[in-house]
Amino acid sequence: KPPSMPRAKFFPTLDFYSLVSKTPRGSHDIELSVLEVYNNEVWDLLARDCEGAAGGVKRDVVSTNTGTSEVPSLMHERVQSAEEALRLIGHVLHLRARNSTLVHADSSRSHLVITLTVTSKGPDALDLAHRLQSTQQGWRSQRGRRGSSGRLPEAPTGIPCPSPCPRPSLTQAPLRTKLHLVDLAGSECVGMSGVTGIALRETSFINRSLSALSDVLGALSEQRPHIPYRNSKLTHFLQDCIGELSLGHL
């Protein structure tokens, strides 16, 4: 049985579609991808086998000559509505790595990254990109009211994050804006969770990747000359999301 998926967990998806739906039909395309980072390996959860069944396929993260990161051959599905996107996410959530510990009977053992990519075309492309960015800033501000501890430093990570930042010089070219929904596996104390064997190895990778994310955020907030994105495939993949031309909230 697939795990339950509270709608509130993915409510930015609903806001995203609400805004995009106000643009003329045919002026944009929206694609969805779902991957998990398990034991520092990237798995494409939308990829299908020769019989058409979703089963997860191992992928790699590479850096492009423009300094961005991408996952070659990552499966993207076109989605027309928020309901369609949520339904597709629900169909593959059961593929996410899970294990039992003393703390949680159904513990997530990977980081899940759901990405919505909107490609805007025509004269309204720049306007849509600006509105998406403004909406995301407002969403982050509202969530930030829960307390300053939930706000990240100058170069935050998490969701949502538009990429690239819209620029006036690109008004005639298609603009791509991304919304990353990132569900991180929680850090784990071996003494409390009581894990051994495979689960112990999973815990090691979870904690190391979270430490790598912390190192990246620290380097960005301190404006260090070198940002260690490649110390983890999680941070390598999210490089565009936690860089200078993005917005985010944890």
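The values are calculated or read from the model by the stated rules, or taken from the named source; none is laboratory data. Please read all numbers here as calculations on a predicted model, not as lab measurements. Methodologically, a virtual Cβ is constructed for each residue, glycine included, from the backbone with ideal geometry; neighbour enumeration extends over all protein chains shown. Calculation scope for accessible area: heavy atoms of the full protein, side chains included, ligands and nucleic acids excluded. Shrake-Rupley method; radii C 1.70, N 1.55, O 1.52, S 1.80 Å.
Structure summary
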quantity	calculated
Complete set of residues in the range 208-244 that are hydrophobic (A, V, I, L, M, F, W, C) and under 21 Å from Glu188 (Cβ atoms)	Leu210, Ala212, Leu213, Val216, Leu217, Leu234, Leu238
Whichever residue in the range 99-116 is surrounded by 15 or more Cβ atoms within 10 Å (Cβ to Cβ) and not polar (S, T, N, Q) and, among such residues, is nearest to Leu184 (Cα to Cα)	His111
Residue satisfying all of: in the range 220-241; part of a loop (DSSP other than H, G, I, E, B) and more than 10 Å from Ser69 (Cβ to Cβ); least open to solvent (accessible area, probe 1.4 Å) among these	Ser232
Test: residue in the range 183-194 that is assigned to a strand (DSSP E or B) and either surrounded by 22 or more Cβ atoms within 10 Å (Cβ to Cβ) or at pLDDT 90 or above (or both)	yes
Residues being at pLDDT 90 or above and farther than 21 Å from Trp43 by Cβ - total across the range 222-250	7
Matching residues in the range 195-218 - criterion: being crowded, with 19+ Cβ neighbours inside 10 Å, touching a residue at least 24 places away in the same chain (Cβ under 8 Å) and of a type in the set (Gly, Ala, Ser)	Ser209
Enumerated strands (runs of 3 or more DSSP E) restricted to the range 1-83, each holding at least 2 residues that are crowded, with 18+ Cβ neighbours inside 10 Å and modelled with pLDDT of 95 or more	28-38, 41-44
